[in-house]
Every structure is written in structure tokens, then in C-alpha cells.
Amino acid sequence: MIIIKQATKSKKFYRAVAEKDLYPMLLEMGNNQRKIDAFQKKRLLQSLFLMAIFFFFSTLLSRWLYIGMIVGAFLFYKIQYNNIRSKYTTWRFQRHLQFSQFTRLLIPYLKQGKGQVSLYSIFSKLMHRLDDEQDRSSLYRLMSEMSSKPNDIQPFIDYANRSSGTDMSVLFMSTIFDFQQSTFDTSVIDELGRISSEELINGIDEIITFKLKRFIFFPTKIVMSSFVIVLGFAIAVLIANLSTINL
């Protein structure tokens, strides 16, 4: 019982010192609480280990390394968080592209059916054309919820949030729901085509922005890399000189 309480307190501590959006990001990417707690624990232990290394060398070389102990551990801790944010941004970007593919595949099926084919049957055919396993599982979940909640729009909104999470994706799936409720209103298909085109254009713009970001700071990164080397050499010389002075 005591061990369970200690484990619970440890988990609360891990979550308390984590950034506010760390757990939501990792949960959205498909990780469970146990895996996230393990990651946060490893992250903290690695930072503490780095502090111990700096502390050891500070006792041998110079007390100025005590500052490096704190700064180094903090930077290492934040770098791992920034890596998660970068992975999350890439993951959301890929999700958006996959949803755009879903919309482009769906429109021809809807036009071909002319409101005479059930949406469930269309999704069943479409599922085999999706490349990503996560997308197929998500669409299967939507189909199951459509059967259990035939007049509820929430499964469609949940699918939009799982797939892309943008306002445009929610609007698209809401229009899909309206189409299901009025199968003879073929004008809805034209509206879906317009939304799909806007979604595709937004996806292309995001691709351009995403690729430009890789190169926009490239010269700055080269200069900063050289600066870090020079700064490290300057600090080493400074520490060596200070160590000869009895301060």
C-alpha cells in the first residue's frame, strides 16, 4: 500500500514539473499516461545526472562550473521538450495531409452515389484506399459510432479532431453529417467539393511554409555554431586564468 502511494506521488510530481502542453501533446499522438510518465521520469533523471557530472568536475576544476551545472541541466531539460514540440508539429502536419487525402478520395464516391448510396457503404469502400493504418482505424471507429448513434453529429466531429483538428476539417465532417441526414440533397456534394479544395490549398500553403522554415535560419545556425565553439574556448581560457588567481 505504501509503495502504491509513493508511486502515485511520484507520478503527480512528474506531471507537476512538466510543461502544461507536454502531456496533452503526447496523449494526442497516441501515447498513454504510463509511457508519458516514464518519459518524464527519464528526462528528469538525465538532467539530474548531468548536474552530478558538472558538480564532480566543478570540485576538481573550478567553482564557476556550478553555474554550468544549473544552466546545462536546465537547457538539457528544455531541449527534450522542444524536440517533442517539433515532433508534434510534424505529426499534426502529417495528419492534416492525410485528412486532405481522405477528402479528395471521398468526393468522387459521393458524386457517383448521387445520394442513393449510404454513407456507411461509401466509408467501407474508402477504407481500403487509405494508406495510413491510424486513418483506417479512425474511420472504422467512426463507422461503428454511426451505427450506434445514427442521428448524432458528435462522432463526425470527433473524427475531424482525430484526423486533423482544424476548423476546416470540423466543417467538412459536419457537412458530411448534413449530407447523411438529407441524402437527396446533392447540392451538399458541391459544398463538400469547395471545402475540400480549400483544405487542399491550405495543405499546399503549409507544405511551402514548412519547407521554408528549414532554410530560413540556416545561415544563422552556421554562425551560431561557430559562435558556440568560440564562446566555449573563451570560457575555458577564462576558467583557466581564474583558477590561477586566489579569489
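The values are calculated or read from the model by the stated rules, or taken from the named source; none is laboratory data. Because the structure is predicted, anything quoted here is derived from the model rather than measured. Here Cβ is always computed from backbone atoms with ideal geometry, including for glycine, and neighbour counts include all displayed protein chains. Surface accessibility is based on the protein's heavy atoms, side chains included, excluding ligands, DNA and RNA. Shrake-Rupley method; radii C 1.70, N 1.55, O 1.52, S 1.80 Å.
For the reader, a short list of remarks on this structure follows.
- Among the residues of the stretch 144-180, those that are farther than 12 Å from Tyr120 by Cα and among the β-branched types (Val, Ile, Thr) comprise Ile153, Ile157, Thr166, Val170, Thr175.
- Qualifying residue in the stretch 60-82 (condition: among the hydroxyl-bearing types (Ser, Thr, Tyr), over 30 Å from Asn161 (Cα atoms) and at pLDDT below 85): yes
- Selection from the stretch 92-117 of residues that are in contact with a Leu (Cβ under 7 Å, 6 or more places away or on another chain) and of a type in the set (Ser, Thr, Tyr): Ser100, Tyr109
- The number of residues in the stretch 27-55 being without any contact (Cβ under 8 Å) to a residue 24 or more places away in the chain and either part of a helix (DSSP H, G or I) or closer than 16 Å to Lys78 by Cβ (or both) comes to 15.
- Pairing each residue of the stretch 86-105 that is open to solvent by less than 40 Å² (accessible area, probe 1.4 Å) with any residue that is aromatic (Phe, Trp, Tyr) and in a helix (DSSP H, G or I), provided the two are 6+ apart or on different chains, yields C-beta distances under 7 Å for Phe93/Phe210; Thr103/Phe172.
- Residues of the stretch 124-135 satisfying the condition of being open to solvent by 20 Å² or more (accessible area, probe 1.4 Å) and part of a helix (DSSP H, G or I): Ser124, Lys125, Met127, Glu133, Gln134
- Residue list for the stretch 141-165, filter: crowded, with 19+ Cβ neighbours inside 10 Å and under 23 Å from the mean Cα position of the chain (by Cα): Leu142, Pro155, Phe156, Tyr159, Ala160, Arg162, Ser163, Ser164
- Residue satisfying condition, being assigned to a helix (DSSP H, G or I) and surrounded by 16 or more Cβ atoms within 10 Å (Cβ to Cβ), within set Ser138, Ser121: Ser138
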